[in-house]
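Below is one structure, written out as structure tokens, with a few remarks after it.
The values are calculated or read from the model by the stated rules, or taken from the named source; none is laboratory data. Source: prediction; values computed, not measured. Methodologically, a virtual Cβ is constructed for each residue, glycine included, from the backbone with ideal geometry; neighbour enumeration extends over all protein chains shown.
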């Protein structure tokens with residue numbers, strides 16, 4: 001065969017060779033995180049739930065029924081949600097600390113993989129950033145903004161996105177954080193709310209220590225002392241949030257995100273004097289740790305209940321796996337949480353139904369069987385040995401990349417104090 005014939009034959013073979021299919025486009029990813037979102041108050045899928053729209057969403061989602069926040073307040077829990085690290089591992093446990101830029105966030109890893117990354121959130125901590133903006137090409141935060149206006153901002157950004165690239169979209173709603181000011185017709189509901197009859201009544205001294213953000217008053221600035229009223233107003237906030245989320249899901253579907261992986265998660269819960277405390281940050285009981293965690297996979301894949309306890313810090317692992325950047329995380333083993341808020345050093349762990357809380361300063365351990373005692377009223381005589389070992393190890397963990405000290409600007413500190421924080 002002459003050289004010219006060889007060249008011709010090779011050209012024909014090249015033309016006849018089948019083209020390799022393009023790799024599948026990574027899925028769009030949506031994370032909806034919500035302030036002070038108690039799983040037991042949401043009662044998703046249960047009769048009388050204040051959240052029917054989110055219950056309908058949950059019916060087609062993977063539902064983690066024993067999900068724990070890594071910390072009982074926003075900053076450390078959100079850093080964990082964005083990094084996959086426990087609070088002990090990233091170390092951002094006080095308001096004046098910021099995430100070390102050497103720590104790779106979910107947004108950074110997705111951005112490196114070609115994702116467009118957007119964050120829209122409401123909380124004064126977000127305006128100070130604390131490193132939460134790492135990896136987001138669009139990062140917008142407000143100290144206060146109602147959910148409707150937040151969604152309009154998101155819709156404008158999603159409409160203008162680069163549709164040739166996969167999208168990570170993260171929204172953070174401030175509802176139902178104090179002050180309890182749900183829009184009508186959700187405020188002051190006359191129908192009783194779940195748990196209202198068993199709720200205690202405050203005395204004046206307890207009311208005075210609440211802080212203005214948490215205080216409810218009747219016309220004439222008369223203090224509201226029955227805790228049942230606080231529960232009713234909190235549930236009213238959930239009803240309003242439910243309408244927002246229902247509108248959001250419809251809006252995102254209309255904007256081409258109907259096949260996105262969608263995560264809905266609480267950043268932490270809220271105490272209503274179940275264990276002698278209010279608000280969040282200072283204890284590690286279930287009312288501040290147990291939060292909703294829902295993952296809607298395309299086509300309803302893996303829909304159903306997951307009863308294995310998990311930390312919400314597993315979310316970055318799920319999403320990295322969905323984007324093809326890592327293997328799916330395995331579940332099981334001890335789930336850990338902690339708080340250093342207001343000078344406390346508390347650590348907690350859960351393994352199955354066994355739970356314990358360690359006071360790292362005094363060494364006192366309190367253990368519970370959540371299966372037999374979900375309200376944490378009857379401490380066990382002997383804690384689970386393996387769980388105690390894991391919690392003690394967490395209490396001595398130091399961050400691989402220590403957080404940075406970054407004092408809060410006076411306006412931000414004032415905003416946080418108005419919301420009940422003591423930075």
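Here is the figure for the stretch 314-325: residues that are farther than 20 Å from residue 116 by Cβ and without any contact (Cβ under 8 Å) to a residue 24 or more places away in the chain total 0. For the stretch 95-105, the criterion of being touching a helix residue (DSSP H, G or I) at 6+ places or on another chain (Cβ under 7 Å), at pLDDT 95 or above and surrounded by fewer than 24 Cβ atoms within 10 Å (Cβ to Cβ) is met by at least one residue. Scanning the stretch 222-244 for residues that are out of contact with any helix residue (DSSP H, G or I) (no Cβ under 6 Å at 6 or more places or on another chain), within 15 Å of residue 179 (Cα to Cα) and outside any helix (DSSP H, G or I) yields one hit, 224. Just to be sure before I move on: is residue 117 more than 22 Å from residue 270 (Cα to Cα) and either touching a strand residue (DSSP E or B) at 6+ places or on another chain (Cβ under 7 Å) or buried (at least 23 other Cβ atoms within 10 Å of the Cβ) (or both) in the structure I sent? So residue 117 passes the test. When 44, 81 are screened for being in a loop (DSSP other than H, G, I, E, B) and crowded, with 21+ Cβ neighbours inside 10 Å, only 44 passes. Is it true that some residue in the stretch 182-202 is over 29 Å from residue 45 (Cβ atoms) and modelled with pLDDT of 90 or more? Looking for residues that are over 29 Å from residue 45 (Cβ atoms) and modelled with pLDDT of 90 or more, one finds at least one in the stretch 182-202, hence yes. The residues of the stretch 351-378 that are in a loop (DSSP other than H, G, I, E, B) and closer than 20 Å to residue 66 by Cβ, listed by number, are 352, 353, 370, 371, 372, 373, 374, 375, 376, 377, 378. Of the candidates 233, 237, the single residue that is farther than 24 Å from residue 86 by Cα, free of Cβ contacts under 8 Å to residues at least 60 places away in the same chain and surrounded by 16 or more Cβ atoms within 10 Å (Cβ to Cβ) is 233.
Taken together, the criteria place residue 392 among residues that are farther than 30 Å from residue 109 by Cα and part of a helix (DSSP H, G or I). Among the residues of the stretch 330-349, is there at least one that is surrounded by fewer than 14 Cβ atoms within 10 Å (Cβ to Cβ), on the phi > 0 side of the Ramachandran plot and not in a loop (DSSP other than H, G, I, E, B)? Within the stretch 330-349, one or more residues are surrounded by fewer than 14 Cβ atoms within 10 Å (Cβ to Cβ), on the phi > 0 side of the Ramachandran plot and not in a loop (DSSP other than H, G, I, E, B). Residue count for the stretch 139-159 satisfying the condition of being assigned to a helix (DSSP H, G or I) and in contact (Cβ under 8 Å) with a residue 12 or more places away in the chain: 10. Any chance the stretch 360-375 includes a residue that's at pLDDT 95 or above, surrounded by fewer than 20 Cβ atoms within 10 Å (Cβ to Cβ) and under 21 Å from residue 77 (Cβ atoms)? Checked the stretch 360-375: at least one residue is at pLDDT 95 or above, surrounded by fewer than 20 Cβ atoms within 10 Å (Cβ to Cβ) and under 21 Å from residue 77 (Cβ atoms). Of the strands (runs of 3 or more DSSP E) lying entirely inside the stretch 255-324, those containing at least 2 residues that are surrounded by fewer than 20 Cβ atoms within 10 Å (Cβ to Cβ) span 304-306.
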